[in-house]
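For reference, the structure is listed below as structure tokens.
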Amino acid sequence: MCAAKSPCQTCFLRKKDIFKPFTVQELDFMQEFWAGEDTFERGDVLFFEGDALDFFYTVRHGQGARYRHLANGDRQLVNFIFPGDTIGLQGVLSGEASSTAIAADKMVLCKFKKSRLPELFRESPKRAYSLVWIAAVEEHFLCETITTLGQRNATERMAWAFAKIFMRLKAVGFGKDDTVAFPFRQRDLADALGLSLVHTNKTLARLRPYVQWEGGQLRVRDLDQLAEISMIDYESVPERPLL
């Protein structure tokens, strides 16, 4: 390694309380494990569904989404991608990506080689456990999403989504006061929540006293009310590992 500080040493995400701290040994290993970074602009494809991936990634900056495409040309938004997320891991482990990932604004991804995964488990087992944690959290979120789509009405779904998104982005420092960047379209939110565009627009209007989403900015005026509507506890965002 050269004398200059690596992105692992200077990464602002490590300083956020939401992420578990690195030991000196873990940081040294991750600096060596890091295989560079890729930058994507809005609309760029990070990887396609069915791709055999040689790398998996941690999102250092920016937002995106994962989609599944159907034979008739329709697509389903599977999940949003936020700073600190690890993506592409499923495609690395199973042999091909199960979804297409697209940047919603400028994204910077730290990348890690698939071929070096055994080193992660051998040299930094506690940090490698993060991969297990990430898989477990994704399953938990999938269960919560299925429950939301099946049991919450349109207003409750949208309140749930906005509360979750706002809390997560605030926790990683991508926001100021009551506002965070959320550079998506109504179609994306409609897809994610299983609503039509017309229903999405009407529901946004219904929630306007508590939340506003315009020009790629999400402003939450009353998080307590969103939590009450969606029947969730928002007291804290749980600590999570960072790769």
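The values are calculated or read from the model by the stated rules, or taken from the named source; none is laboratory data. Keep in mind that what you see is a predicted model, and the values were worked out from it rather than measured. Cβ coordinates were reconstructed from backbone atoms using ideal geometry, including for glycine residues, and neighbour counts include every protein chain displayed.
For the structure I just gave you, tell me whether F82 is without any contact (Cβ under 8 Å) to a residue 40 or more places away in the chain and not assigned by TED's automatic domain parsing to the domain that holds R187. So that I can check it myself, show each step before the final result.
Values: without any contact (Cβ under 8 Å) to a residue 40 or more places away in the chain: no; not assigned by TED's automatic domain parsing to the domain that holds R187: yes.
No; evaluated as a whole, the condition is false for this residue.
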Inset, instruction - Filter region 190-213 down to the residues that are free of Cβ contacts under 8 Å to residues at least 40 places away in the same chain and under 13 Å from F162 (Cα atoms), then identify the one that is farthest from the chain's Cα centre (by Cα). - result: R208
Inset, instruction - Report yes if some residue within region 145-154 is modelled with pLDDT under 95 and closer than 25 Å to M107 by Cβ; otherwise report no. - result: yes
Inset, instruction - Could you list, in sequence order, all residues of region 52-94 that are in contact with an Asp or Glu (Cβ under 7 Å, 6 or more places away or on another chain), over 26 Å from R127 (Cα atoms) and not basic (K, R)? - result: H69, Q76, L77
Inset, instruction - Out of the residues in region 124-144 that are without any contact (Cβ under 8 Å) to a residue 40 or more places away in the chain and not acidic (D, E), state the one that is nearest to R66 (Cα to Cα). - result: L142
Legend entry - From the options Q63, Q76, Q31, Q90, residue that is surrounded by 13 or more Cβ atoms within 10 Å (Cβ to Cβ), assigned by TED's automatic domain parsing to the domain that holds A135 and within 16 Å of L169 (Cα to Cα): Q63
Inset, instruction - Take region 109-147 and flag every residue that is assigned to a strand (DSSP E or B) and over 17 Å from L93 (Cβ atoms). - result: L109, C110
